[in-house]
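The values are calculated or read from the model by the stated rules, or taken from the named source; none is laboratory data. Nothing here was measured: the structure is a model prediction, and the numbers come from that model. In this analysis, Cβ positions are derived from the backbone assuming ideal geometry, glycine residues included, and neighbour counts consider all displayed protein chains.
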Amino acid sequence: MEAWRDYACRDGLIAAIRGTVSSPTLLGFAAFRVGATRPEISLAQMVVSPGVRGGGTARRLIEFISSKHSEMRGIRLKCRRDLPAATLWPRLGFVARGDIPGRGNDGAWLTVWWRDHGHPDLLTWSGVSDSTIAVVLDTNVFIDLHGPGEDGRSKHTRTVLAANDDRIQLLVTPELGNDLNRCADDRVRFNLQKLQSAHPGINAATDLIDETFQELVADAGTAPRSDQDRSDLRHIAYTARTGVHVFLTWDEASIRRWGRSARELHDVAMVTPSELGGLLDELESAPGYTPVALLGTGYTSREAGTADSDTIRMFLDTSHGEKAPEFATRHRQLASGPQTGAHRILFFEPAGAAVAILGYTVDSAVVNVSLMRMHQFPIAQTMAAQLVAMMRVIATEADASVVRVRDRHINPLFADALIADGFHQINETYVGLSVNARSSIQELIPSLTPTISMLGSQEEAAFGTLLDSAQRLTSNTAAEVCSNLERLLRPLRIVDAPLETWLVPIKPHWSAQLFNSPPDLFGQIPELGMSVEHVYYRGGRSGETEPARIIWWVSGPSAGHAIACSELIEVIDGTPSELFRRFRRLGVWTWSEVQAAAATSGQLRALRFINTEMFAHEVPLEPLERQRGRRLRLAFPVKIDPDTFDQIITEARA
């Protein structure tokens with residue numbers, strides 16, 4: 001009796017009751033403890049009345065505990081393997097984490113069960129990299145890889161995975177524990193459970209996995225028929241929810257049942273080991289950045305307020321040793337608000353969950369980023385590239401020319417995106433330069449001097465090659481050198497660079513989708529809708545070559561306006577089917593629209609461009625035409641001279 005009082009006093013006793021307060025009927029109860037030193041809940045006992053078993057009482061008790069204590073890592077319990085309840089726990093979202101010997105005289109084994117709340121730990125996968133493709137293993141593939149089998153299929157599995165070892169990262173889901181727990185051979189089960197920890201695990205909160213599970217069931221129009229079927233589908237749900245795109249399985253029936261839904265709803269390819277090599281070739285032909293996933297998705301951003309403390313706390317990186325007081329100090333230093341130059345920007349997925357945070361201050365023309373965190377979600381890599389590009393926009397708006405990212409617990413995807421964008425890593429700091437200037441070749445070094453003077457000796461050495469190329473520009477005015485300088489120091493413009501600049505007409509429909517100008521009817525967020533990389537199709541050929549610049553001209557009722565400037569990095573001619581297949585990931589065009597854009601010859605030209613600078617002020621071309629004495633409003637791209645480019649940039653930034 002004393003124990004029950006202790007549970008009640010610690011707010012660790014709950015009951016499910018039906019009826020009125022004066023005449024209640026007890027349906028079930030659960031006793032648990034909230035860890036004082038470990039951030040988890042220990043479920044000591046749960047009892048459901050025999051007459052209501054199977055009616056959802058157990059699930060409601062467990063979900064109540066999870067909801068009330070969502071800040072904990074999860075719920076842990078121990079249960080004898082030979083009890084009927086051992087088959088219940090997986091249906092309540094628990095996964096088996098191995099066996100331990102019991103304390104009873106019979107020495108019966110106890111299974112340790114875990115219901116996760118979605119917080120990462122040391123074994124949680126941190127995200128995809130540019131060098132490998134993430135692959136989730138189904139249990140049958142895992143057993144082929146690590147089990148004792150020497151049959152033909154097992155050998156083939158090992159051969160395929162060994163041959164692609166440098167191309168893939170093998171991952172497992174928590175549901176693997178439930179599959180392995182069904183193995184009746186203690187020796188085999190123990191060995192496989194040990195090997196499970198050899199692979200990084202993907203993870204998500206149980207309620208999110210349940211949501212994805214039901215979504216797949218509804219779309220496929222068929223429900224799992226057995227516990228094994230449920231495990232099969234939960235593997236797929238974990239894969240989909242964490243943004244991994246490859247699920248490796250030998251289960252042909254599962255592929256037939258769930259493959260279409262996994263592919264169409266979540267872009268998850270379910271393939272056998274025999275098909276893996278071909279899929280890898282296909283995936284490696286397209287870079288990881290996929291801006292089409294961001295357009296029109298409804299992702300939003302806003303400054304964090306005082307009510308967002310719990311949301312911000314979810315970005316604490318305990319899996320890599322970050323302490324709560326350290327993190328609290330870091331984000332509280334940013335809580336003074338935009339008026340003091342401190343910002344905490346939260347980014348939300350369409351359903352409303354926070355997926356990323358940027359925390360920074362602006363001081364003496366330097367943007368200091370101290371928080372750059374992100375959760376794992378389907379378009380995390382795309383988001384990372386977008387937010388890194390946004391740092392240069394922030395620097396420009398703040399009249400800053402140096403960006404320093406100093407977050408020891410930065411998400412690996414952010415680290416990769418920073419390097420790809422021209423930042424240099426110096427110890428634990430990533431440094432980038434952003435020069436908001438119009439300059440001639442002769443004036444370039446004086447224009448860069450104020451920025452260079454703000455760098456430390458190690459930082460200046462890191463940018464030595466870039467600065468040397470700027471100094472030699474008077475004797476080596478290659479277009480590639482100028483383009484590289486403008487890219488890595490953007491929004492720098494070298495107005496007399498030997499770079500061709502093309503005035504390209506674009507219809508309002510396409511400029512709205514590519515650049516949110518005019519504003520999209522669905523309220524696209526400009527910061528997120530402005531893509532780093534895109535493609536635009538043309539039916540004609542006007543002599544465009546890369547590298548070059550594009551000034552985008554949007555036609556209007558009476559005259560056109562220049563709205564943006566992009567870097568043209570590739571010009572490709574081909575058939576509509578060739579170009580659409582190659583660039584589908586980069587654009588907003590449908591297949592029928594690509595076909596319609598083709599010339600009568602059946603050929604099409606694709607302009608691939610990056611790093612679009614949206615003009616602070618749209619530049620009307622009619623006054624510019626009158627001033628320069630020639631017509632610029634044409635139905636096809638026209639090359640403009642350096643003086644015209646300089647005038648457009650001057651007016652756009654005025």
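Could you go through the stretch 39-47 and let me know if any residue there is at pLDDT below 85, of a type in the set (Ser, Thr, Tyr) and not assigned by TED's automatic domain parsing to the domain that holds Leu180. No; the residues of the stretch 39-47 include none that is at pLDDT below 85, of a type in the set (Ser, Thr, Tyr) and not assigned by TED's automatic domain parsing to the domain that holds Leu180. Does Asn164 fit the bill of being polar (S, T, N, Q), modelled with pLDDT of 90 or more and closer than 29 Å to Gly243 by Cβ? So Asn164 does not fit the description; no. Count of the stretch 563-594 residues, restricted to those that are under 21 Å from Thr545 (Cβ atoms), modelled with pLDDT of 90 or more and among the hydrophobic types (A, V, I, L, M, F, W, C), is 6. At least 2 residues being under 30 Å from Arg115 (Cα atoms), touching a residue at least 24 places away in the same chain (Cβ under 8 Å) and touching a helix residue (DSSP H, G or I) at 6+ places or on another chain (Cβ under 9 Å) is the threshold, and among the helices (runs of 4 or more DSSP H) wholly inside the stretch 139-192 those reaching it are 139-146, 176-181. When residues in the stretch 601-639 are screened for being modelled with pLDDT under 70 and of a type in the set (Val, Ile, Thr), 0 of them pass.
Yes/no per residue for (1) in a loop (DSSP other than H, G, I, E, B); (2) surrounded by 15 or more Cβ atoms within 10 Å (Cβ to Cβ); (3) touching a residue at least 60 places away in the same chain (Cβ under 8 Å):
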site	(1), (2), (3)
Gly432	no, yes, no
Val435	yes, yes, no
Ile441	yes, yes, no
Ile445	no, yes, no
Gln458	no, no, no
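Output the qualifying pairs, or none if there are none: Cβ atoms under 8 angstrom, residues six or more apart or on different chains, first residue in the stretch 2-28 and assigned by TED's automatic domain parsing to the domain that holds Lys68, second residue of a type in the set (S, T, N, Q) and outside any helix (DSSP H, G or I). Close Cβ pairs satisfying both conditions: Ile17/Thr25; Arg18/Thr25; Gly19/Thr25; Leu26/Ser49; Leu27/Ser49; Gly28/Ser49.
Could you please let me know if Glu71 is under 30 Å from Ser226 (Cβ atoms) and either out of contact with any strand residue (DSSP E or B) (no Cβ under 7 Å at 6 or more places or on another chain) or in a strand (DSSP E or B) (or both)? Spelling it out, it is not the case that Glu71 is under 30 Å from Ser226 (Cβ atoms) and either out of contact with any strand residue (DSSP E or B) (no Cβ under 7 Å at 6 or more places or on another chain) or in a strand (DSSP E or B) (or both).
Among the residues making up the stretch 349-382, those that are out of contact with any Lys or Arg (no Cβ under 8 Å at 6 or more places or on another chain), more than 15 Å from Asp407 (Cβ to Cβ) and part of a strand (DSSP E or B) are Ala354, Val355, Val362, Asp363.
Would you confirm whether any residue within the stretch 394-401 is in contact (Cβ under 8 Å) with a residue 60 or more places away in the chain, over 24 Å from His245 (Cα atoms) and either crowded, with 16+ Cβ neighbours inside 10 Å or touching a Ser or Thr at 6+ places or on another chain (Cβ under 6 Å) (or both)? Among the residues of the stretch 394-401, at least one is in contact (Cβ under 8 Å) with a residue 60 or more places away in the chain, over 24 Å from His245 (Cα atoms) and either crowded, with 16+ Cβ neighbours inside 10 Å or touching a Ser or Thr at 6+ places or on another chain (Cβ under 6 Å) (or both), which makes the answer yes.
Beta carbons closer than 6 Å, at least 6 apart along the sequence or on distinct chains, never pair a first residue in the stretch 30-54 that is in a helix (DSSP H, G or I) and buried (at least 17 other Cβ atoms within 10 Å of the Cβ) with a second that is at pLDDT below 95 and not hydroxyl-bearing (Ser, Thr, Tyr). Got a number for residues in the stretch 405-423 being surrounded by fewer than 18 Cβ atoms within 10 Å (Cβ to Cβ) and either outside any loop (DSSP other than H, G, I, E, B) or of a type in the set (A, V, I, L, M, F, W, C) (or both)? Final tally of qualifying residues: 3.
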